[in-house]
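To keep things clear, I will list the structure first and then write my remarks on it.
Values quoted throughout were computed directly from the atomic coordinates according to the rules given, and no laboratory measurement underlies them. In this text the structure is predicted, and so the values were computed from the model without any measurement. Heads up, the Cβs are rebuilt from the backbone with ideal geometry, glycines too, and the neighbour counts pull from every protein chain shown.
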Amino acid sequence: MDIFVEQIVKKKLSGKDYLIAVAVTVAGLALIVLSFLIPAISIFVIAGVIFGAYYLISSRNLEFEYAVTNGDITVDKIICRRKRKRVVSVDAHDIEEIGKFNPELLKSKSNFKPLFAAETDSGEGSWYFCAHSAKQGSVLVVFDPDEKTLSAIKPFIPRQVAFVAFGRN
């Protein structure tokens, strides 16, 4: 029986995202004011600045898609519903550790490349897994799976890893 589960998680905007939006707006307004020094090109500069500001600010709207297909786990980043970028793809059999995320974990797992694909930048209340990716090497992925996604991953991870993370279930 084939297993296929998809889940989309929207990233919540943080203070950093709002700060970027304000900085882009202020820089855009400054460019527009400066463009009035050369009236012949000011309309083109204004149009370019408005488009650029919209593009940069809207690019902060992120969604993450988790897909589990027969033990293959892929995490994609969807940028403002216009662009999709693969974050990581791993085989669940290669997962070395899985569990609830704790920020202190990053210090003890310094040899793993951290990849955040969670609702928040801090990873509060999220899960993590450590695995080896063919393209990226050793990765620590922070994500927010629901029960259905965790249930799809569970049969494919090594038995000892599943026992440590989920108990006897």
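Please work out the Kirkwood hydrodynamic radius for region 15-58, using every pair of different C-alpha atoms, and report it in angstroms with one decimal place.
Working: mean 1/r = 0.0935 Å⁻¹.
So the Kirkwood estimate lands at 10.7 Å.
Angle check, please: helix 42-58 long axis (alpha carbons) against the longest principal axis of the chain (alpha carbons), in degrees 0 to 90, nearest 10.
Its long axis makes an angle of about 20 degrees.
Classify the chain from the C-alpha gyration tensor, please: rounded if a/c falls under 1.5, else prolate or oblate depending on whether a/b exceeds b/c. Could you put the intermediate results ahead of the total?
Values: a/c = 3.23, a/b = 2.57, b/c = 1.26.
Note, shape of the chain comes out prolate.
Tally Lys/Arg at +1 and Asp/Glu at -1 over every other residue whose Cβ is under 9 Å from the Cβ of residue 64; what's the total?
Numbers: positive: 10, 11, 77; negative: 63, 65, 76, 119, 144.
Surrounding charge for residue 64 is -2.
Taking neighbour counts of Cβ atoms within 10 Å as a proxy for exposure, in what order, fewest first, do 36, 156 appear?
Details: 36 10, 156 18.
Going from least to most buried by this count: 36, 156.
Rounded to the nearest 20 debye, what is the charge dipole size of region 14-169 about its Cα centre when +1 sits on each Lys and Arg Cβ and -1 on each Asp and Glu Cβ? Show your work: numbers first, answer last.
On the way: 18 positive and 16 negative charges, 63 e Å.
That gives a dipole near 300 debye.
Okay, helix-only estimate at 222 nm for the chain: each DSSP H run of n ≥ 4 adds -39500 (n - 2.57), divide by all residues, round to 500 deg cm²/dmol; what do you get? Could the numbers behind the result be given before it?
Working: 5 runs with 57 residues, N = 169.
It comes out at -10500 deg cm²/dmol, rounded to the nearest 500.
So between residue 106 and residue 4, what do we pick up on full extension, going 0.36 nm a residue minus the alpha carbon distance? Spell out each step's value before the answer.
Details: separation 102, 0.36 × 102 = 36.72 nm, distance 3.00 nm.
This chain segment gains 33.7 nm when fully extended.
Between beta-carbons, use under 11 Å as the cut-off and find the net charge around residue 134, counting Lys and Arg +1, Asp and Glu -1.
Details: positive: 135; negative: 91, 94.
Charge balance near residue 134 sits at -1.
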